[in-house]
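In what follows, a single structure is set out as structure tokens and then discussed.
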Amino acid sequence: MLRRKFIGATTAIGLASLMGLKTKAASQSVLHQVYFWLKNPDSEADKKQLISGLKTLESIPTVRQIHIGTLASTEKREVVDTSWQVSELLFFDNESDQKIYQDHPIHLEFVKKHQYLWEKVRVFDSITQ
């Protein structure tokens, strides 16, 4: 009887582990990294206006986390790009949530209202492993 309970418990733990692996594989988070080069890179007013606009994106329901940044004064190295002024990092539960964000009226309004501030934008989307 004790052996049956042990085998049953071990099987249940194994199945739970496998189900957990399937859940993780099926729902890979999406990281959406965006870098902005301002038309007026020395303008603190333009930088503040862009950052203020980026903060509005937080209210889009599919955005899980948002981090807005400016260039750090870390060690200058050949592999470090220090040419941009403002960045954002957004986290989504999956690719369909990221698509909802792309088409959301708040995101579209942000682009329409603030695109005159930037000269260049680069986007890097990745999924967690």
- Query: Residues with amide H under 5 Å of Trp118's amide H, sequence separation 5 or more or different chain, H placed in the peptide plane at 1.01 Å from N; which?
  - Reply: Lys39
- Task: Could you name the aspartates and glutamates whose alpha carbon sits less than 15 Å from that of Lys48, not counting residues in the same chain fewer than 8 places away?
- Result: Glu88
- Task: Step through the residues of the range 29-38 one at a time and calculate ³J(HN,Hα) from phi using the Karplus curve (6.51 cos²θ - 1.76 cosθ + 1.60, θ = phi - 60°), rounding each to whole Hz and writing x for Gly and Pro.
- Result: 5, 10, 9, 10, 9, 10, 10, 10, 10, 6
- For Lys39, what accessible area in Å² do you get when you roll a 1.4 Å probe over the heavy atoms of the protein chains, rounding to the nearest 10? 110 Å²
- Message: For the full complex of protein chains and a 1.4 angstrom probe, list Ile51, Ile60 by accessible area with the highest value first.
- Response: Ile51, Ile60
- If amide H atoms are built 1.01 Å from N in the plane of the peptide, which residues on other chains or at least 5 residues away come under 5 Å of the amide H of Asp125? Gln33
- Query: Just in the range 34-129: which GluC sites (Glu not before Pro) are loop by DSSP and have at most 11 other Cβ atoms within 10 Å?
  - Reply: Glu75, Glu78
- For the pair Lys39 and Arg77, how long in nm is the line joining their label points, each one 7 Å along Cα→Cβ? 3.6 nm
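The values are calculated or read from the model by the stated rules, or taken from the named source; none is laboratory data. Just so we're clear, the structure is a prediction, and the values are computed from it rather than from any experiment. Positions of Cβ are generated from backbone atoms using ideal geometry, with glycine treated the same way; all protein chains shown enter the neighbour counts. Remember, those area values only see protein heavy atoms, side chains included, never the ligands or the DNA or RNA. Shrake-Rupley method; radii C 1.70, N 1.55, O 1.52, S 1.80 Å.
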